[in-house]
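The values are calculated or read from the model by the stated rules, or taken from the named source; none is laboratory data. All figures in this text were calculated on a predicted structure; none of them were measured in a lab. Heads up, the Cβs are rebuilt from the backbone with ideal geometry, glycines too, and the neighbour counts pull from every protein chain shown.
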Amino acid sequence: MNENALYEAIFKRKSIRDYDPKPIDSNHLEEISTNLQSLKPMVKGIKTEFMIISPNQVTRKFSNKAPHFIAVFSEAKDAYKVNIGFMLQQMDLYFSSNGLGSCWLGIPQPTNDVVDSSDLEFIILMSFGNSKEALHRTNVSEFKRKLLSDITNIKDADELLEPARLAPSAVNMQNWYFTGNKSAIHAYSYRAGFARTFVGGSYYSVNMGIALYHLQLAGQHFGWKTKFVFDKSKDKSPSKNLDYIATVERAFNL
């Protein structure tokens, strides 16, 4: 994948829900399948599986009548849902930068035969295909997102945190908060209240992985080498309603 193109897609991507029902060509599908096998994990050592499936292998599609879907499975280990968000967001940006629409889907589910074909836990679906609506936003102002000051108390890392601010999330919950400094950014997730556990709350960890991929991609764009550290001793939570997820450390200039 072209990471410069992925970075640029952050500022114009949008979730697509109106698709041309015609399947995309086989050569393009083969390229997508190849990219699925080369996604970079956030956490090493977690088994994952990404399947391209057809509409008749998806239940509860509602209005999202896409020609293709990616079904995502993972081994259940520490931070595995954060890892899935991090990995699949690479495809979301890839689609946007290559003329295709996509959308994270929490309600639709793969059929039982798809679920039973994997030994791993089903996590989430993503739809994709040729869009019948405008593929991109024309201006960052079209994003409905919290202000940067609402998601961080860091004052000197806007170029990294603005891409994280623009990340998609389940029902647009934007459950992330960042503290620290430009050299070590600590990522937290707000806890899902009782009501939110039924409406998007189960995807809070996936959301965090999406935002953290945007953050890492921004760091790479500005020539930084970054690494993820999972160290609760670094937890300096500014609120009892926040759970520590990970720390993004800047190692050295590339």
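So Asp78 passes all but one of these: (1) of a type in the set (Asp, Glu); (2) touching a strand residue (DSSP E or B) at 6+ places or on another chain (Cβ under 7 Å); (3) assigned to a loop (DSSP other than H, G, I, E, B). Which condition number does it fail?
That leaves (2) as the condition not met.
Only one of Asp119, Asp156, Asp150 is among the acidic types (Asp, Glu), in a loop (DSSP other than H, G, I, E, B) and assigned by TED's automatic domain parsing to the domain that holds Asp243. Can you tell me which?
Asp156
Has segment 161-175 got at least one residue that is assigned to a strand (DSSP E or B), within 19 Å of Ile245 (Cα to Cα) and either at pLDDT 90 or above or of a type in the set (Asp, Glu) (or both)?
no
Within the set of pairs 6 or more residues apart or between chains, which connect a residue that is under 15 Å from Met1 (Cβ atoms) inside segment 21-33 to a residue that is in a helix (DSSP H, G or I) with Cβ atoms less than 9 Å apart?
Listed pairs, sorted by first residue: Ile32/Met91; Ile32/Tyr94; Ile32/Phe95.
Conditions: (1) outside the structural domain of Pro23 (by TED's automatic domain parsing); (2) at positive phi; (3) of a type outside the set (A, V, I, L, M, F, W, C). Arg137 meets all but one. Number of the miss?
So Arg137 meets the others, but not (2).
All but one of (1) in contact with a helix residue (DSSP H, G or I) (Cβ under 8 Å, 6 or more places away or on another chain); (2) assigned to a strand (DSSP E or B) hold for Asp113; state the number of the condition that does not hold.
(2)
Of all residues in segment 30-71, how many are charged (D, E, K, R) and assigned to a loop (DSSP other than H, G, I, E, B)?
Matching residues across segment 30-71 total 6.
Which residues, counting only those in segment 217-254, are under 18 Å from Leu148 (Cβ atoms) and either free of Cβ contacts under 8 Å to residues at least 24 places away in the same chain or not in a strand (DSSP E or B) (or both)?
Across segment 217-254, the qualifying residues are Leu217, Ala218, Gly219, His221, Phe222, Pro238, Ser239.
Return yes or no: is Asn112 more than 18 Å from the chain's Cα centre (by Cα) and surrounded by fewer than 22 Cβ atoms within 10 Å (Cβ to Cβ)?
yes
Name, by its number, the condition in (1) under 25 Å from Ala187 (Cα atoms); (2) assigned to a helix (DSSP H, G or I) that does not hold for Asn27.
(1)
Looking at segment 221-236 only, could you name the residues that are among the hydroxyl-bearing types (Ser, Thr, Tyr) and over 21 Å from Ile210 (Cβ atoms)?
If the condition is that a residue be among the hydroxyl-bearing types (Ser, Thr, Tyr) and over 21 Å from Ile210 (Cβ atoms), then Ser233 is the only one that fits.
Look at segment 231-247 and say how many of its residues are over 19 Å from Met42 (Cα atoms) and hydroxyl-bearing (Ser, Thr, Tyr).
Going through segment 231-247 one residue at a time, the tally reaches 3.
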